[in-house]
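The values are calculated or read from the model by the stated rules, or taken from the named source; none is laboratory data. Just so we're clear, the structure is a prediction, and the values are computed from it rather than from any experiment. Note: ideal-geometry Cβ built from the backbone for every residue, glycine included; neighbour counts use all protein chains shown. Remember, those area values only see protein heavy atoms, side chains included, never the ligands or the DNA or RNA. Shrake-Rupley method; radii C 1.70, N 1.55, O 1.52, S 1.80 Å.
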Amino acid sequence: MLTRSLMVPSARGLSTKVAVVLSGCGVYDGAEVHESSALLTHLSRHGAAVSVFAPDKEQMHVVDHTSGTPMSENRNVLKESARIARGKIAALSELNSDDFSALVLPGGFGAAKNLSNFATEGSGMSVDSEVSAAVRSFHSQGKPIGLCCIAPVIAARVIPGVEVTVGSNEGSDKWPYAGTAAAIEEMGGKHVVTDVSQTHVDHTNKVVTTAAFMCETALHEIHDGIGAMVKDLLGLVE
């Protein structure tokens, strides 16, 4: 059974149905809340009908967001993601790419801990089987895929030779996670340097990426970059 749509589409967007895959709730162990909210806001502004999904499994771990340290408890990725989706969510196992025009994965460490194991394995990472199946299915149908922040590593692992961005490839106070670019190259992907407000569009694979919180910058710049990603993503919908 398909999840309820998170929003009612306008007449302009009646045929643009977008699936969003979350990885929990909270930057250190789930989906980045600001990125997820910006993504949903921009999709709404463009009149897309959004359905939200998440894997129904335990998180890698739970992090105290006041200290950044792990806690001795377990939480479920689907149930935590439901906080962002306001309860309108379904298990990722229910996602059928035939029902949607595009797929989007926001970032947050959950993409590297729950949707994949990049956080512990780096370029030797593997991707959750349901996440991998979703990405492969949309890609094989020529449907656009958007990823931001750390999530582009998933595309680098699943789609051979894909071009993505995580912003800079040179570490600095502004770009503390720039080493991710090298991991993307090690997995066979191509990393393209961009600023936080920019996107990179791989027209061959129909993959659109933006750096988001890979950059330490003002919140509105993150919001604007995700808006650019959404605009470019929807521009690829046929």
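Can you tell me, using C-alpha contacts under 8 Å and at least 6 residues apart, the relative contact order of the chain as a whole percent? List each step's numbers first, then the result.
Working: 592 pairs, mean separation 45.2, N = 238.
Result for the chain is 19 percent.
When the helix-only estimate is applied to the chain (DSSP H runs of n ≥ 4, each -39,500 (n - 2.57), divided by the residue count), what is the mean residue ellipticity at 222 nm, nearest 500 deg cm²/dmol?
Working: 8 runs with 73 residues, N = 238.
Computed ellipticity for the chain at 222 nm equals -8500 deg cm²/dmol.
Just to confirm a number: summing +1 for Lys and Arg and -1 for Asp and Glu over residues other than L92 whose beta-carbon lies under 10 angstrom from that of L92, what do you get?
Working: positive: K57; negative: D56, E94, D128, E130.
Spelling it out: positives minus negatives among the neighbours equals -3.
Using the Cα gyration tensor of the range 68-185, with a ≥ b ≥ c the square roots of its eigenvalues, what is the shape: rounded (a/c below 1.5), prolate (a/b larger than b/c) or oblate (neither)?
Oblate shape, in that a/c is at least 1.5 and b/c is the bigger or equal ratio.
Given +1 on the Cβ of Lys and Arg, -1 on the Cβ of Asp and Glu, and no further charges, what dipole in debye does the range 196-238 carry about its Cα centre, rounded to the nearest 20? Present the calculation step by step, with values, prior to reporting the outcome.
Values: 2 positive and 6 negative charges, 19 e Å.
Using Cβ point charges on Lys, Arg, Asp and Glu, the range 196-238 gives about 100 debye.
Mind sorting out which of [x] 1.20; [y] 0.93; [z] 1.06 is the real Rg/Rh (Cα atoms, Kirkwood Rh) computed from the coordinates?
Of the labelled values, this structure produces [y].
Filter the cross-link list K17/K88; K79/K231; K113/K190; K88/K143; K17/K79; K57/K231 down to pairs whose alpha-carbon distance in this structure exceeds 26 Å.
Details: K17/K88 15 Å; K79/K231 29 Å; K113/K190 22 Å; K88/K143 23 Å; K17/K79 23 Å; K57/K231 32 Å.
From K17/K88; K79/K231; K113/K190; K88/K143; K17/K79; K57/K231, over 26 Å: K79/K231; K57/K231.
Counting only protein heavy atoms and using a 1.4 Å probe, what share of the accessible area of the chain belongs to carbon plus sulfur, as a whole percent? Don't jump to the answer; show the numbers that get you there.
On the way: 4800 of 10080 Å².
In the chain, the share of accessible area belonging to carbon and sulfur is 48 percent.
Per residue, what accessible area does the chain have, given a 1.4 Å probe and all protein chains present, in Å²? Intermediate results must be reported in sequence, preceding the final value.
Working: 10080 Å² over 238 residues.
Here the residues of the chain average 42 Å² of exposed surface.
Provide the per-residue ³J(HN,Hα) series for the range 172-179, in order, calculated from phi with Karplus coefficients 6.51, -1.76, 1.60 and θ = phi - 60°, each as a whole number of Hz, with x at glycine and proline positions.
6, 4, 6, 10, x, 10, 4, x
What does the highest-first list of 110-120, 95-105 look like by mean Cβ count within 10 Å?
On the way: 110-120: 24.1, 95-105: 20.5.
By packing density, highest mean first, the sequence is 110-120, 95-105.
In terms of solvent-accessible area of protein heavy atoms at a 1.4 angstrom probe, what is the ranking of C25, C148, highest value first?
C25, C148
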